[in-house]
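Note sheet for the following structure.
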Amino acid sequence: MDATADAQVLNQLFACARYNRGRDIIAANPGFCRLFNTQLEALQDKGEVAFRPLAHNPVDDAAWKHILSSGKAQFQWQAPDRRWFLSRFVRVGERDQVGTEIFEVVAEISAIKKKEVELTSRMIALGNATGLMRLSPDGFITEVNSQFAGLIGQGADACVGRHFTALFEKNTQKAADLHRILPTLHKGEPYSAELCFMDRDRLRRWLRCTFAPVMDDEGHLFEILHYAFDITEQKTVHAEFRAQVTAIEKSNAMVTFDMAGTILDANAHFLQATGYAREDIIGRHHRMFVERSSAYGVDYAAFWSDLRQGKHRSGLFKRFGKDGRELWLQATYNPIADTNGELIKVVKYASVVTEEKLLQAEHQSQIAAIHQTQCVIAFDLDGTILDANDNFLNAMGYRFSEVNGQHHRMFVDPTYATSPDYAQFWQDLAQGQHKSGEYRRLRKDGRDVWLQATYNPIMDMSGRTFKIVKYATDITAERERHVDVQGQITAIQRSQGVAFFDMDGTILEVNDNLLETLGYQLSELQGRHHSKLVGREAAESPEYLSFWQELRKGTYQSGLQKRFGKDGREIWLQCSYNPILDLNGRPLKVMKIATDVSANIALAEAFEDAKRQAQHDVATSLPNRAKLMSFMNAMLASQGGSMVVFYIDLDRFKPINDTHGHHVGDRVLGEVADRLRRVIRDDQLVARVGGDEFVIAAPGLPTEAIDRFCQRLLETVTAPIHHETGEISIGVSVGIAIAPTDGSTPDELLRAADSALYKSKQNGRGQYSFFSSEMNERINARRRLAEDMRHSLAAGDFIVEYQPRFDTRARKIRSVEALVRWEHPERGRISPADFIPLAEQCGIITPLGEWVLRTACATAVNWEGVGVSVNVSPVQFHDPQFVEKVAACLQETGLPPHLLELEITEGVLLDDAARATETLEALKKLGLRLAMDDFGTGYSSLSYLRNFPFDVIKIDRSFVSDIATNQGARHIVQAILGLGRALGLSVTAEGVETNEQLTLLTADHCDEVQGFLLARPLRSSKIDELIVELSSQQSKRHAT
């Protein structure tokens, strides 16, 4: 093929360009233009620096002269876009000829370069990790790295220039091994061998060496890379292992079997112990030594099955010798595998065990078991460390070299280490006294470690102590759990009666609360049986025996139980009996937690007695005055003197008697009695105390509850009564007295309620009045406020303000909380603390809450990416249509669900957890977020977080306000933040009012903050302005 044809082929396959002597580009093929993303017109009459800038151009003036003179050259170079290229230059024409041109073929080699860099990196990494030596093709050392120099104990300069065979000891290996290396490498084949040399201390060292040939393009050996690993320790261990095996075989009976149990070989010790000759046993089965009744049993088959699966078997085995005599062998059966991991035989090592040896072996086994499971360390008599096992070193964070020869005080608090008690501790041990207990020691990293330990003086044959061995178990985790549990128990013991029993019912401990309830001293109960408190008849019953049987099984027991105090009186306890388990899960003792509910039982019994015995009023079947007084006395005693008395009089009752007769009047009284029964709760009592007068006695109630109760009572009793001649209308007036304000005895309360009743009749009948004028005024004010609230909701007097919630670190608005405000037309702004509870009690909260939700969602649609949170009242939450209403609101307003957050307090979840879960999960399916408001101020917050699908925790302002001055409040906030992170919940701190509070919350990684320090509640227009302002500030920060 001629030169023209060659050029055409190159032109089709490669990127090509032509230059004149002055380095100007004359022509370039399409491949060249594509490679450099340019057009030929842009290159012509320009130097080759047009696409190879000077900073990246290897073709400098000197290189160009070289190309012109030599006629060819090649360069690797990198373009500004980080691509790598290989350029080959060829001169066309004579050197000094006028028309001489330079022809360039260029190819991209970025991928090759990348692999080259990776290979170089790997070579560097390998060289850093191993000993590396570079050799010339004839075996002379050209370079060694520091690792190799360190391995052989010589400097790099001392090695370079020497033949590699001079480094290795020829006496310990055949010279042919060394001289076979170079011929193998020249063939392009690697060579590996284990070679030995003497280090500078004349100690023999072993290296595992790999010689790797590096060939040139023509297949000739260019360089030799030698990698070396120090295997001296492995060789030593292997040699020691072989020596140990030899020693074992010399001192123990040994017999070898194939995997089926056929005997392959046996040593002299085994033959001597069994009385057989070698030819008597070779080829026979192992069962020849086993008792005939066991040789074909299931256990024996399982024994060999385990060995065939590679499982070792060891222990004390009964075998039989040639003469039928019984032998006891302490033996191990060891499955042996070949290099491919296939099991090929079983080797048994055994020693004949006498009775004395049996005892010794048992002792040694116990010691070995202790070493495997416990921390063990040995000391000289002065406390110097002699030895320590891995368990101890791991527990304390040390290596053995760091503790060997050191004193025990390195693990002890410095103050204790210099105390007389510590000196006495070691004096006692040196004198042979054992020490045991729980000890606090220090790890290498300074952390506390708790050890359950025994210090055991070890005696020599003459009875003198010569060392101390300490056995210990790391109980740090158990101790921490114990401290936690003990804290919980302490909290329980402060408020409850607590007792501990042995599993047979023996009383171990009783706390002061329970002792006071029972009237005993601790010494009178400790060591006695639980039945002492039960009574003889109950203690002998099958139920009582079964009760303790279940506890011994670990079954929890609880219930209301009658017990007897020291003075014989009956005491009712609400109890739980909790079996406490040991580390193996077995019941260890029983913890009883009890609450004295005797007063409640007395009240219940008085109530039942009143209901049973007071059925003397023929017309109404209600309790009479006497039974009412008994009930009131019991209630005042159990409720701490708190009670409400409602004195009820029927208006216009006398005309009914006069007009319709007494038989109709009696029927009216019976109907009124039935209606009153329907009004009261189970813990309340209604009695007839006169002709048309009734009294209801109830436990103490808040003012709002009394108001609601009276309204329901009036509505229920005054409904028309149907009679055969028509309807009978009746009115009711009520007087109210409250204990202890209006009286502390039944008589005083009845007189006060009667006086209040008179006030109701004076005011126009059909009303209820309090004995206290102040209470009356409060009730009337509430009525007026409720009525005003209904008018304002219709008139649009309510508004919504929004308080921003800020990202703690970025200080940008994440969301806002919607807060309802009431602008009363006459009284001005009314605090939510005054109208929200009233709205919940009088039924206004549902329409008000729906209005707030709609308003907040409609407003938040205009804030891109800024969410809104809305508080949910318990009344709203329990509305069966609540989820549907929220869904409808989102649809109507167009607010994306993830931008709506509903804030729910713990009280919402108290009544019906199952229904609450259903509602919360339905809300989550809508895509919105749920926040637990006022976290930490309620009842069982942790269980709520575990069981309900919340996204956010809001820390109550009562904790935030104290974090700068009260360490306890700070710890609570930190605990809540840690809990939030552990559960994957966002945490918002409310009520941030000082810079110090904000700084602490930021340091503790709180996610979100809100409060007056950052922004007060604002109208929606102001929020719009604030969002724009903060966005502008953030843009300026990014710009600078």
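The values are calculated or read from the model by the stated rules, or taken from the named source; none is laboratory data. Just so you know, these numbers come straight off a predicted model, no measurement behind them. Virtual Cβ from ideal backbone geometry, glycine too; neighbours counted across all protein chains shown.
Key figures
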{"item": "The stretch 120-156, subset part of a loop (DSSP other than H, G, I, E, B) and of a type outside the set (D, E), residue modelled with the lowest pLDDT", "result": "T130"}
{"item": "Residues satisfying the stated conditions in the stretch 652-673, i.e. acidic (D, E) and either modelled with pLDDT under 85 or loosely packed, with under 13 Cβ neighbours inside 10 Å (or both)", "result": "D658"}
{"item": "Criterion violated by R783 - all others in (1) under 52 Å from the mean Cα position of the chain (by Cα); (2) farther than 30 Å from I1027 by Cα; (3) not in a helix (DSSP H, G or I) satisfied", "result": "(3)"}
{"item": "Filter result for the condition that a residue is under 27 Å from G700 (Cβ atoms), part of a strand (DSSP E or B), touching a Phe, Trp or Tyr at 6+ places or on another chain (Cβ under 9 Å) and not assigned by TED's automatic domain parsing to the domain that holds V861, over G735, G743", "result": "G735"}
{"item": "Residues that are surrounded by 14 or more Cβ atoms within 10 Å (Cβ to Cβ), farther than 12 Å from F646 by Cα and among the small types (G, A, S), drawn from the stretch 761-785", "result": "G766, S772"}
{"item": "Conditions (1) among the β-branched types (V, I, T); (2) touching a residue at least 40 places away in the same chain (Cβ under 8 Å); (3) within 27 Å of C842 (Cα to Cα); (4) crowded, with 16+ Cβ neighbours inside 10 Å: number failed by I680", "result": "(2)"}
{"item": "Test for R34: is it modelled with pLDDT of 80 or more, outside any helix (DSSP H, G or I) and under 60 Å from the mean Cα position of the chain (by Cα)", "result": "no"}
{"item": "Residue match in the stretch 851-867 (condition: modelled with pLDDT of 95 or more, assigned to a helix (DSSP H, G or I) and either of a type in the set (F, W, Y) or loosely packed, with under 14 Cβ neighbours inside 10 Å (or both))", "result": "yes"}
{"item": "Restricting the stretch 715-759 to residues that are of a type in the set (S, T, Y) and farther than 29 Å from H660 by Cβ, the residue that is farthest from the chain's Cα centre (by Cα)", "result": "S755"}
{"item": "Filter result (within 36 Å of the chain's Cα centre (by Cα) and among the β-branched types (V, I, T)) within the stretch 372-414", "result": "T373, V376, I377, V403, V412"}
{"item": "Pair list, Cβ under 6 Å, 6 or more apart: the stretch 908-933 residue touching a residue at least 24 places away in the same chain (Cβ under 8 Å), other residue part of a helix (DSSP H, G or I) and surrounded by fewer than 14 Cβ atoms within 10 Å (Cβ to Cβ)", "result": "G927/H898"}
{"item": "Search result, residues across the stretch 949-972 that are of a type in the set (S, T, N, Q) and in a helix (DSSP H, G or I)", "result": "S958, Q967"}
{"item": "Residues satisfying the stated conditions in the stretch 947-969, i.e. surrounded by 14 or more Cβ atoms within 10 Å (Cβ to Cβ) and either under 21 Å from A913 (Cβ atoms) or among the small types (G, A, S) (or both)", "result": "N947, F948, F950, D951, V952, I953, K954, S958, S961, A964, A969"}
{"item": "Residue in the stretch 754-776 that is within 25 Å of I844 (Cα to Cα), in contact (Cβ under 8 Å) with a residue 12 or more places away in the chain and of a type in the set (G, A, S) present", "result": "yes"}
{"item": "Flag if I976 is in contact with a helix residue (DSSP H, G or I) (Cβ under 9 Å, 6 or more places away or on another chain) and over 26 Å from P837 (Cβ atoms)", "result": "yes"}
{"item": "Residue ranges of helices (runs of 4 or more DSSP H) in the stretch 366-462 with at least 2 members on the phi > 0 side of the Ramachandran plot", "result": "none"}
{"item": "Complete set of residues in the stretch 539-557 that are touching a residue at least 12 places away in the same chain (Cβ under 8 Å) and under 22 Å from R569 (Cα atoms)", "result": "Y544"}
{"item": "Top-ranked residue of the stretch 828-850 - restricted to ones that are among the charged types (D, E, K, R) and at pLDDT below 90, ranked as surrounded by the most Cβ atoms within 10 Å (Cβ to Cβ)", "result": "E840"}
{"item": "Top-ranked residue of the stretch 258-279 - restricted to ones that are small (G, A, S) and outside any helix (DSSP H, G or I), ranked as farthest from L329 (Cα to Cα)", "result": "A260"}
{"item": "The stretch 984-998, subset part of a strand (DSSP E or B) and of a type in the set (G, A, S), residue farthest from R946 (Cα to Cα)", "result": "A989"}
{"item": "Restricting the stretch 692-706 to residues that are of a type in the set (G, A, S) and within 47 Å of the chain's Cα centre (by Cα), the residue that is surrounded by the most Cβ atoms within 10 Å (Cβ to Cβ)", "result": "G700"}
{"item": "Filtered residues of the stretch 304-332 (kept if assigned to a helix (DSSP H, G or I) and farther than 20 Å from N252 by Cβ)", "result": "W304, S305, D306, R308"}
